[in-house]
Amino acid sequence: MFNVNFTGEFVAFFIFSVLIISGAVLMVSFTKVVHMVVSLAAVFIGIAGMFVLLQAEFLAFVQVLIYAGAVSILMIFGIMMTKHQDAEADRSRPLHETLTAIGALALFGILFYAIRQSEFPEPEQPLSQATDNTMEIGKLLFTNYVVPFELVSVLLTVAFIGAIVLAKKEAD
Amino acid sequence: MGSWLDETLTWGNALLFFLWGVILLAIVLGFVTYAIFFERKVIGWMQFRIGPNRVGPWGLLQSVADIAKLLMKEDTIPRKADRALFILAPALAYVPAFAVLAVIPYTQKLYFADINVGLLYYVALSGISTIAIVLGGWSSNNKYALLGGMRSAAQMISYEVPLVISVVGVIMMSGSLNLRTIADQQGDWFWQWNFLPQIIGFVVFVIAAVSELNRTPFDLPEAESELVAGYHVEYSGFRFAFFMLTEYVYVYAIAALTTVLFLGGWHAPFPFLDWVPGIIWFLLKFSFIVFFLFWIRATLPRIRIDQLMGLGWKVLLPVAILNVFLTAVYLELFVK
């Protein structure tokens, strides 16, 4: 079960896993909101590293650009307006915590079982590793998935206009 | 250098990579030291002053002395600051600044990493420095620092959009995000380099790049006369030096990126000048852009915050999108 060989890839996988898991745990356990956002950004960067290991460079750097860059800054921007020394008050609720722990463990068990049980079939035409995966993504987006792609852009435009309307109402 | 990356990772290779990293770091630190010196000299010359001339011959050791002073200064952390983030912020600002240098090709053979999505890598990583600046401003627990951090975030996000869209034209013309391919595909004559066919994109890129660097006329985040020093008011000693270093490393990165994307990288301006090594041409173009940045700093006044945002969103962004559109029409009609 644990027959792994220590290649560069394994070391990198290990480092990124530690980054993701510790970031996620710290995100939950920190009390100051800004600290939470920073650990969340660490998780995003770790996930981008995983994408690099899976040879999806385009996805990896888009992940860094959108999540680690834009989304984190947006959240920090919002939080910066709040009080500086504000820390969440910790009330102890033993029953609630126990139930949550059981739920989380059950979820982990289900996921672990599902992952162990599922088989990953080889794709019919394996993409060779040398191909430019940016170009492949672009081709797929504008051929097979052109309708969903356009729908997403319409959705984003609607959200964008909605934001402008809301801001305009506030300003007047 | 590229062939080493494909070999299996042994201790010897790892040591080699580490040494190359150290060499690049030394070069960058040397560049920063003398860029600051020449900036002061050039601006002094443009303003009919002499500039630094006391330490060492012609003042050459002035920046070295300044750095020594910064490193020996007391390291102060305000009592009400958020200690962890205050310490983390300068490092978080510097790491991406140095990491983006990995994808820049200097000549056909001299490059560090050959990534398929090199340009995207640059843009993505440089965004992380913004987080560090905001965190530095916020964790200082100082009104001026917070204002500087907010301004900086607003400015860097606003100008990153036209910066990225302005290079889309270049990407469309070369059909690749790989910086080596982009530099390689520009022609032998200087009018075949991207800056003339992509003149609109080039102008937008230069303006947005100056703004991303937080330099005059867009140096609102640290406007001394309004905000004392912006996001790094509370920083002193080597932490302040790190923020300074980040800024100048980005000057290096942007100058190199402009050279690669628009000024033909290592190509000679005329084919009959090919006997001069490519690295010389690269350095000449690179130095010209660095000089250009100093020149506009000495010449232009600072603009207001509302003008800054208006310029970014109402002028540069539409122009950059128009450039993408024009390039697409041109490629469709005349090239295919």
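The values are calculated or read from the model by the stated rules, or taken from the named source; none is laboratory data. Just so it is clear, the structure is predicted and the values come from calculations on it, not from any experiment. Ideal geometry is used to build each Cβ from the backbone, glycine not excepted, and the neighbour counts take in all protein chains shown. Heads up: the accessible areas ignore ligands, DNA and RNA and are worked out on the full protein's heavy atoms, side chains in. Shrake-Rupley method; radii C 1.70, N 1.55, O 1.52, S 1.80 Å.
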With a ≥ b ≥ c from the Cα gyration tensor eigenvalues, square-rooted, and the rule rounded for a/c under 1.5, otherwise prolate when a/b > b/c and oblate otherwise, the range B:17-105 is oblate
Residue B:252: net charge of surrounding residues, Cβ under 15 Å, Lys/Arg +1, Asp/Glu -1, itself excluded?
-1
Peptide A:34-40: average number of partner chain Cβ atoms within 10 Å per residue?
3
Can you tell me, using C-alpha contacts under 8 Å and at least 6 residues apart, the relative contact order of the range B:77-335 as a whole percent?
26
On a straight-distance basis, which lysines could pair with residue A:139 in a cross-link, Cα separation under 28 angstrom, same-chain partners fewer than 8 positions away excluded?
B:336
Rounded, prolate or oblate: which fits the range A:133-172, taking a ≥ b ≥ c as square roots of the Cα gyration tensor eigenvalues, rounded meaning a/c under 1.5, else prolate when a/b beats b/c?
prolate
Chain B, accessible surface, carbon-and-sulfur percent (1.4 angstrom probe)
71
Using a 1.4 Å probe, what is the accessible area per residue for the range A:133-172, in Å²?
87
Cα gyration tensor of the range A:1-82, axes a ≥ b ≥ c as square roots of the eigenvalues: rounded (a/c below 1.5), prolate (a/b > b/c) or oblate?
oblate
Average partner coverage of A:64-74, which counts Cβ from other chains inside 10 Å
6
Low-density loop cleavage sites - trypsin sites (Lys or Arg not before Pro) in the range B:97-200, where at most 14 other Cβ are within 10 Å (DSSP)
B:109
Short version: ³J(HN,Hα) in whole Hz for each residue of the range B:36-46, in order, from phi by Karplus 6.51 cos²θ - 1.76 cosθ + 1.60 (θ = phi - 60°), x for Gly and Pro, what are they?
5, 4, 5, 4, 5, 5, 5, 5, x, 5, 6
Rounded to the nearest 100 Å², what is the buried accessible area between A and B, both sides summed, probe 1.4 Å?
2300
Quick query: amide H of residue B:193 versus all other amide H atoms, modeled in the peptide plane; which residues come in under 5 Å with a sequence gap of 5 or more or a different chain?
B:187
Within 10 Å of each Cβ in B:128-138, the average number of Cβ atoms from other chains
4
For the range A:106-112, take each phi angle, set θ = phi - 60°, evaluate the Karplus expression 6.51 cos²θ - 1.76 cosθ + 1.60, and give the result in whole Hz per residue in order, putting x for glycine and proline.
4, 4, 4, x, 4, 4, 4
Can you give the helix-only mean residue ellipticity at 222 nm for the protein assembly as shown, where every DSSP H stretch with n ≥ 4 adds -39500 (n - 2.57) and the sum goes over all residues, rounded to the nearest 500 deg cm²/dmol?
-22000 deg cm²/dmol
Too long at a 30 Å Cα-Cα cut-off: which of A:169/B:314; A:32/B:143; B:41/B:109?
B:41/B:109
